[in-house]
Protein chains: 2
Amino acid sequence: MTVERPRRVTQRDVARLASVSQTTVSLVLSGAPTSQIPAETLERVQAAMRELGYVPNRWARALKTNKTMTLACVVPDIANPFYPSLLRGMQSAADHAGYDVITINTDGAAEREQRFLNWSLEGRVDGVVGVFFTLRVADFQPLTDAGIGVVRIESSKKKVGPLPVDNLYIDNEAAAGEVTRYLIRRGYRRIAMIAGLGGPQEGRLNGYEAALLEAGRKPLIVADEAFNEEGGFRAAQQLFALSARPDAIFAANDMMAIGAMAAAREAGLAVPGDVAIAGFDDIFAARLVTPALTTISQFQHDLGTTAAGVLLDRLQRGNAGPGTSQAMPFRLIERSST
Amino acid sequence: MTVERPRRVTQRDVARLASVSQTTVSLVLSGAPTSQIPAETLERVQAAMRELGYVPNRWARALKTNKTMTLACVVPDIANPFYPSLLRGMQSAADHAGYDVITINTDGAAEREQRFLNWSLEGRVDGVVGVFFTLRVADFQPLTDAGIGVVRIESSKKKVGPLPVDNLYIDNEAAAGEVTRYLIRRGYRRIAMIAGLGGPQEGRLNGYEAALLEAGRKPLIVADEAFNEEGGFRAAQQLFALSARPDAIFAANDMMAIGAMAAAREAGLAVPGDVAIAGFDDIFAARLVTPALTTISQFQHDLGTTAAGVLLDRLQRGNAGPGTSQAMPFRLIERSST
């Protein structure tokens with residue numbers, strides 16, 4: 001695959017048209033104090049740039065300044081509405097600071113997360129806010145060594161290590177425990193959980209199990225490889241086929257819960273009359289389904305704004321260790337599905 | 001804002017450790033035929049790279065090759081589920097060709113769309129697939145001049161011009177006409193439209209108006225600046241306050257239709273008994289709401305895949321004019337909201 005590209009307009013072209021030296025053009029581009037450049041010269045250079053359509057080559061500039069003014073938001077599933085919300089929160093903070101934000105979708109797959117690391121090492125971004133399913137803190141050392149800021153959004157408290165990696169976490173185990181205890185209090189007898197694989201699953205499973213065991217109940221878990229509505233649909237079908245059908249389902253995220261609701265409808269089961277269903281995330285659709293879905297809000301927009309703030313702070317302070325870890329709030333939102 | 005970055009490992013470091021010349025390292029990196037490099041030398045260079053954690057600097061490489069192996073997907077509203085679908089379709093095609101995809105959210109705002117142009121001119125991407133609300137074809141000339149491939153997703157047929165800008169379009173006017181004629185056939189007497197501002201609005205409005213006028217009816221349009229559920233909610237409230245309340249609403253997208261459904265619920269109006277509601281896009285949530293939403297599918301996943309294919313073709317063939325324009329399919333999806 002080869003592409004012939006026309007030659008870009010260079011500083012030399014600008015210098016020639018403005019009848020100044022290339023050093024002067026470079027001085028103008030560097031944003032040097034105007035006291036160093038006669039106003040008339042400045043205008044002539046700017047006019048030449050306009051005329052030629054000159055755009056400073058950010059590769060070349062970035063090689064010198066090591067700054068891209070671009071931040072990455074890395075998410076496992078852009079089709080899960082949780083992440084667009086997070087992104088927009090991040091974008092609002094980045095905007096104020098003059099940074100562009102680009103989004104990268106990894107499917108939570110090890111190979112794609114690794115590829116992102118290499119991609120970012122090639123000097124594309126100044127920093128990253130990410131939800132990573134497979135990378136561990138040590139994997140980020142090449143980035144932090146290269147001065148790239150890293151903020152991770154995590155599902156459990158992370159030990160603060162020597163690397164300058166900052167963590168925002170929502171205690172998923174505590175949140176899942178809260179949903180489960182709430183279902184127990186509501187009088188449900190057989191509370192099952194639908195889970196995906198990887199990502200924040202483990203904390204949510206642990207919280208569910210601990211709350212059931214604490215109440216002297218036996219956990220009942222069905223996992224599906226897809227952490228989305230299809231996975232939820234399939235897992236719920238399995239549960240509904242049991243002779244001792246559960247009367248409540250806690251799904252590991254709202255997409256799975258919505259899939260479980262569709263499976264209930266198809267099986268002729270009323271929600272919550274025959275089976276109560278609760279989710280996790282409070283995506284926009286959780287309010288839309290009928291009945292509206294009980295769930296855990298992670299305040300994803302605020303989470304994105306806070307994450308960008310921590311990253312920008314880090315970029316300003318310089319990228320020296322140690323990392324930080326900060327708990328973020330969650331809340332049980334009770335609606336009519338339970 | 002200053003950040004001190006540690007020095008990157010360079011080709012010179014690799015050359016020193018491997019006891020070869022820098023030219024040899026460069027030859028290895030260029031992917032030169034192995035016949036030019038003794039196997040033993042190749043291994044020594046590769047071992048040195050591994051040991052030093054050397055990553056080829058893509059800036060530097062891009063300056064030489066003018067290739068980034070990255071495509072941009074530019075969307076007006078990443079929180080509208082239509083776009084994540086489009087993105088994933090695009091990503092599946094890009095993956096096969098070894099390209100990374102980054103996403104950029106513009107809010108459909110002129111300033112952000114313009115900023116994207118400058119950003120991409122700084123050499124970040126080889127090509128772009130985008131839904132642009134404010135840019136015109138001539139605005140892309142700097143990109144096509146720089147050899148950057150441009151595929152636009154449009155809401156009406158575009159004249160093919162001399163610039164190598166490719167267009168995929170869905171005939172929004174025809175699609176909106178189809179929804180409106182369908183509502184007329186279903187016996188609704190007073191069919192209103194809820195619209196946002198900008199973007200694909202115009203074609204949808206024209207199609208609605210033409211179909212009503214053709215049937216000897218008077219159009220009734222309420223616009224809101226927000227092309228989302230909040231805008232739809234507010235616009236529907238205005239319609240419900242009219243003494244001659246409409247008995248059917250065609251919303252310019254599904255997000256607005258879902259907002260209108262919420263407004264109907266709040267006003268104590270049954271859907272479709274008191275007011276029928278139809279949307280446009282067939283986002284995932286359209287199936288989830290109760291009653292499920294009648295809408296127009298644009299097959300967004302396939303659209304994304306096709307768009308990436310057109311772009312990759314363009315990159316392979318070289319970026320010479322003229323542009324192309326290709327109609328994409330749509331379909332009315334009848335559900336229970338009408």
Original post:
Could we say that residue A:168 is under 21 Å from the mean Cα position of the chain (by Cα) and at pLDDT 95 or above here?
Top reply: yes
**OP:** Identify all residues within region A:116-132 that are modelled with pLDDT under 90 and either open to solvent by 40 Å² or more (accessible area, probe 1.4 Å) or in contact with an Asp or Glu (Cβ under 8 Å, 6 or more places away or on another chain) (or both); write none if there are none.
**Re:** A:118, A:119
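Residues are listed down the side, and each one gets a yes or a no for (1) touching a strand residue (DSSP E or B) at 6+ places or on another chain (Cβ under 8 Å); (2) more than 16 Å from residue B:280 (Cα to Cα); (3) not basic (Lys, Arg):
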| site | (1), (2), (3) |
| --- | --- |
| B:129 | yes, yes, yes |
| B:135 | no, yes, yes |
| B:145 | no, yes, yes |
| B:171 | yes, no, yes |
| B:186 | yes, yes, no |
| B:218 | no, yes, no |
Subject >> Filtered residues of region A:193-202 (kept if out of contact with any Asp or Glu (no Cβ under 6 Å at 6 or more places or on another chain), open to solvent by 40 Å² or more (accessible area, probe 1.4 Å) and part of a loop (DSSP other than H, G, I, E, B)) >> reply: A:198
Original post:
Pairs, please: C-beta under 7 Å, at least 6 apart or cross-chain, first residue within 13 Å of chain A (Cβ to nearest Cβ) and in region B:124-143, second of a type in the set (Ser, Thr, Tyr)?
Top reply: B:124/B:68; B:124/B:70; B:125/B:68; B:125/B:70; B:126/B:68; B:126/B:70; B:128/B:120; B:143/B:120
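For region B:293-315, enumerate the residues that are of a type outside the set (D, E, K, R) and either over 30 Å from residue B:338 (Cα atoms) or in a loop (DSSP other than H, G, I, E, B) (or both).
B:293, B:298, B:299, B:305, B:306, B:307, B:308, B:309, B:310, B:311, B:312, B:315
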**OP:** Of all residues in region B:175-191, count the ones that are assigned to a loop (DSSP other than H, G, I, E, B) and either within 13 Å of residue B:212 (Cβ to Cβ) or at pLDDT below 95 (or both).
**Re:** 3
Original post:
Is one or more of the residues making up region B:312-325 surrounded by fewer than 22 Cβ atoms within 10 Å (Cβ to Cβ), among the small types (Gly, Ala, Ser) and at positive phi?
Top reply: yes
Original post:
Residues in region A:282-304: is at least one charged (D, E, K, R) and closer than 30 Å to residue A:160 by Cβ?
Top reply: yes
Original post:
Which of the residues spanning region B:203-220 are touching a residue at least 24 places away in the same chain (Cβ under 8 Å) and surrounded by 15 or more Cβ atoms within 10 Å (Cβ to Cβ)?
Top reply: B:203, B:204, B:205, B:206, B:207, B:208, B:210, B:211, B:212, B:217, B:219, B:220
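The values are calculated or read from the model by the stated rules, or taken from the named source; none is laboratory data. Just so you know, these numbers come straight off a predicted model, no measurement behind them. Don't worry about glycine lacking a Cβ; one is built from the backbone with ideal geometry, like all the others, and counts go over all protein chains shown. Just so you know, the surface numbers come from the protein's heavy atoms only, side chains and all, with ligands and any DNA or RNA stripped out. Shrake-Rupley method; radii C 1.70, N 1.55, O 1.52, S 1.80 Å.
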